1. Please list the non-local residues whose amide H lies under 5 Å from the amide H of LYS77, H modeled 1.01 Å from N, same-chain partners needing a gap of 5 or more.
2. Which chymotrypsin sites (Phe, Trp or Tyr not before Pro) does region 173-224 hold that lie in a coil by DSSP with at most 16 other beta carbons within 10 Å?
3. Share of antiparallel DSSP beta bridges in the chain, in percent to the nearest 5?
4. Accessible area per residue of region 96-145 at 1.4 Å probe, in Å²?
5. Rounded to whole Hz and in sequence order, give me ³J(HN,Hα) for region 281-297 from the Karplus expression 6.51 cos²θ - 1.76 cosθ + 1.60, θ = phi - 60°, writing x for Gly and Pro.
6. To the nearest 20 debye, what is the magnitude of the charge dipole of region 215-370 about its Cα centre, counting +1 on the Cβ of each Lys and Arg and -1 on the Cβ of each Asp and Glu?
7. Report, in deg cm²/dmol and to the nearest 500, the calculated mean residue ellipticity at 222 nm for the chain, where each DSSP H run with n ≥ 4 adds -39500 (n - 2.57) and the sum is divided by the residue count.
8. With the dipole of the chain worked out from charges on the C-beta (+1 for Lys and Arg, -1 for Asp and Glu) around the Cα centre, which of GLY377, PRO228, PRO345 lies farthest toward the positive end?
Amino acid sequence: MPDLNRIAYLMAAGCVLTAAVDAAPPPTHTDEAQVPAYTLPDPLKFADGSAVSSAKDWTERRRPQLLELFAEQMFGKAPPAPKSVKTRTLSEKDVFGGTAIRKEIEVTLVEQPTPVTMTILLYLPKTDKPVPVFLGLNFRGNHTVTTEPDVALNTNWMENKTPGVVDHRATEESRGSQASRWPVEMLLKRGYGLATAYYGDIDPDFHDGFQNGVHPAFAKSGQSQPAPDEWGSIAAWAWGMSRGLDALEQESRVNAKQVIAIGHSRLGKTALWVGATDPRFAIVISNDSGCGGAALSRRHFGETVARINYSFPHWFCENFKQFNENEAALPFDQHELIALIAPRPVYVASAAEDLWADPKGEYLSAIYADPVYRLLGTDGIGGAAPSTELPPVDHPISNGTIGYHIRTGKHDINDFDWEQYLNFADRHLRARKN
Ligand code: GTR
């Protein structure tokens with residue numbers, strides 16, 4: 001049987017299919033010498049080439065123009081926020097020796113034609129004041145974030161790759177398997193809450209033509225799948241994160257003005273997109289987000305636009321496939337995705353061995369967003385004009401409104417990353433009044 005992902009890639013590339021198609025994946029490289037010459041679009045120029053010369057120009061005209069382009073050509077347009085979101089507390093108890101509260105909250109994402117719900121696992125330190133909260137989706141279910149035996153086992157579809165997942169369903173064996181990525185007690189001790197939910201609750205991560213998850217509920221009559229400029233899975237996950245924030249707004253012990261969007265890898269791409277589309281998020285953190293996240297597409301280094309659309313044809317909207325091996329035609333690049341978050345603090349992180357995600361491209365995006373941050377009255381990445389040289393490994397640059405580090409090691413999120421995010425959040429949230 002032909003591989004459906006490959007067929008989707010070939011069709012997007014305009015190929016005529018024959019019976020025995022077996023195309024190779026688009027080539028990639030991790031050799032700096034093979035990075036092509038490229039010119040990045042200037043975020044401070046309108047589409048007609050005229051200058052964006054004031055904060056007002058940016059906020060009222062340039063930002064909306066760019067946001068629309070990213071939605072239309074890359075992530076796809078998501079439906080508007082619902083008027084309200086229905087939540088139900090499934091459990092609530094004291095944990096960690098009575099120092100914290102743990103809740104499981106069911107959030108109804110859509111009711112018709114088939115209800116789709118997402119379960120938030122929420123930890124809050126016990127204090128007398130509402131606390132800031134990190135909100136991030138997880139890859140394998142809430143029960144993998146913690147070894148606690150009584151967090152509900154996720155029953156939705158998930159990838160078989162992980163130990164403890166059998167026939168696309170989680171088993172008890174997977175409990176706690178992602179705990180190293182979620183240092184819950186470290187966050188609580190620092191005065192932060194954590195809210196997380198399984199991304200597959202919102203939209204299962206395989207290409208089924210958008211028949212499951214939240215997509216079908218928003219299809220227009222007669223429409224079997226999203227139009228070329230309508231949402232793919234990343235936009236759906238981001239939309240789900242916004243509904244998570246809606247739910248947190250109903251929690252009196254959460255400071256909903258201090259919710260930090262965080263995500264690793266494909267969920268780092270998601271965190272950046274929700275940061276761009278939902279200005280309620282106070283801070284945005286992209287951990288090893290790579291292609292389609294923080295990494296510049298035009299560098300064509302590591303995973304490329306063609307490769308990501310080949311491997312994951314459902315992540316972005318159909319229109320994005322026009323840019324396969326054609327990055328120069330993109331009306332934006334990823335530094336402008338970061339700029340869409342300005343003036344709110346943003347932190348981009350890379351890992352030294354994660355060449356697939358192009359650490360240098362992630363860093364350059366962060367610094368090329370700097371002029372927008374400065375135009376809006378912040379210090380951008382801090383200091384004078386930033387260097388285009390990748391900073392040394394394990395030396396975070398985090399004094400400005402844009403933070404960045406590249407740490408030793410692999411594609412992952414670990415305690416070192418979280419410590420930097422906590423320090424960054426401390427500094428920015430302490431400076432605020434609410
Ligand atoms: C890879 C993909 C990356 C990244 C990663 C992940 O297979 O090529 O873009 O998203 O998965 O999410 O772990």
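The values are calculated or read from the model by the stated rules, or taken from the named source; none is laboratory data. In this text, all values refer to a predicted model and were calculated from it rather than measured experimentally. Here Cβ is always computed from backbone atoms with ideal geometry, including for glycine, and neighbour counts include all displayed protein chains. These area figures cover heavy atoms from the full protein model, side chains too; ligands, DNA and RNA do not enter into them. Shrake-Rupley method; radii C 1.70, N 1.55, O 1.52, S 1.80 Å.
1. For LYS77, whose amide H was placed from the backbone, the distant partners under 5 Å are GLU230, TRP231.
2. Answer in residue order: PHE206.
3. 50 percent
4. For region 96-145, the per-residue accessible area is 34 Å².
5. Per-residue couplings from phi come out as 5, 6, 9, 10, 10, 10, 9, 6, 7, x, 4, x, x, 7, 6, 5, 5 Hz.
6. For region 215-370, the charge dipole is close to 280 debye.
7. Calculated from helices alone, the mean residue ellipticity at 222 nm is -6500 deg cm²/dmol.
8. Value computed over the given set: GLY377.
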